[in-house]
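Read through the structure below, which is laid out as structure tokens, and then see the notes.
The values are calculated or read from the model by the stated rules, or taken from the named source; none is laboratory data. Here the structure is a predicted model, which is why all the values come from computation and not from measurement. Cβ placement follows ideal geometry from the backbone for every residue including glycine, while neighbour counts extend to all protein chains displayed.
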Amino acid sequence: MKIRHRAYAYITNGSRLLLFTHPEAPEAGIQVPAGTIEPGEDPQDAVMREAKEETGLTELRYEQFLAQDTRDMRDCGREELQYRWFFHLSVQGPTEETWRHGEHAEDGSVIHPFDFFWADVRALPKLVANYDDKIDLLVESMNARKAGIP
């Protein structure tokens, strides 16, 4: 079984969480930005890099590490074990309500477009592959920040 290390970004804007779908692969479900942690890369650095690459957002602030877990991905059709790190990031400044961005090839063309949108953290749709496992920790982090607790 393949082992992958992945960083997951719960990016908030007020009480909303950034989600996306794959317009070319709707079966991929609703997700949060995430990506592979490169060998030797710190998970916190990886989440910031992946969040910026996938979303196109440049003004992101690191808020908090939320949790780490392990997930067998065979129920998603992948022979892989993921070591997952979840982080809370927040967007600084205005954003669109919806937008399309994605991963780029070396020539700059978009090879995997993603359709981004904001959803209220208290009324989220079901996310694929248990991406929503740590939402309760995200809400705690958001409430602490609102109360001025670091």
Inset, instruction - Inspect all residues belonging to the stretch 69-77 and state whether any of them is surrounded by fewer than 18 Cβ atoms within 10 Å (Cβ to Cβ) and more than 21 Å from M1 (Cβ to Cβ). - result: no
Inset, instruction - Would you mind stating whether E63 is modelled with pLDDT of 95 or more, surrounded by 13 or more Cβ atoms within 10 Å (Cβ to Cβ) and more than 13 Å from the chain's Cα centre (by Cα)? - result: yes
Legend entry - Single condition T95 does not satisfy, out of (1) in a loop (DSSP other than H, G, I, E, B); (2) among the polar types (S, T, N, Q); (3) surrounded by fewer than 16 Cβ atoms within 10 Å (Cβ to Cβ): (3)
Inset, instruction - Could you look through the stretch 98-130, keep only residues that are at pLDDT 90 or above and not in a strand (DSSP E or B), and pick out the one that is surrounded by the fewest Cβ atoms within 10 Å (Cβ to Cβ)? - result: A123
Inset, instruction - Determine whether E63 is within 15 Å of W85 (Cβ to Cβ), part of a strand (DSSP E or B) and among the acidic types (D, E). - result: yes
Legend entry - Any hit, the stretch 40-52, residues being touching a residue at least 24 places away in the same chain (Cβ under 8 Å) and among the basic types (K, R): no
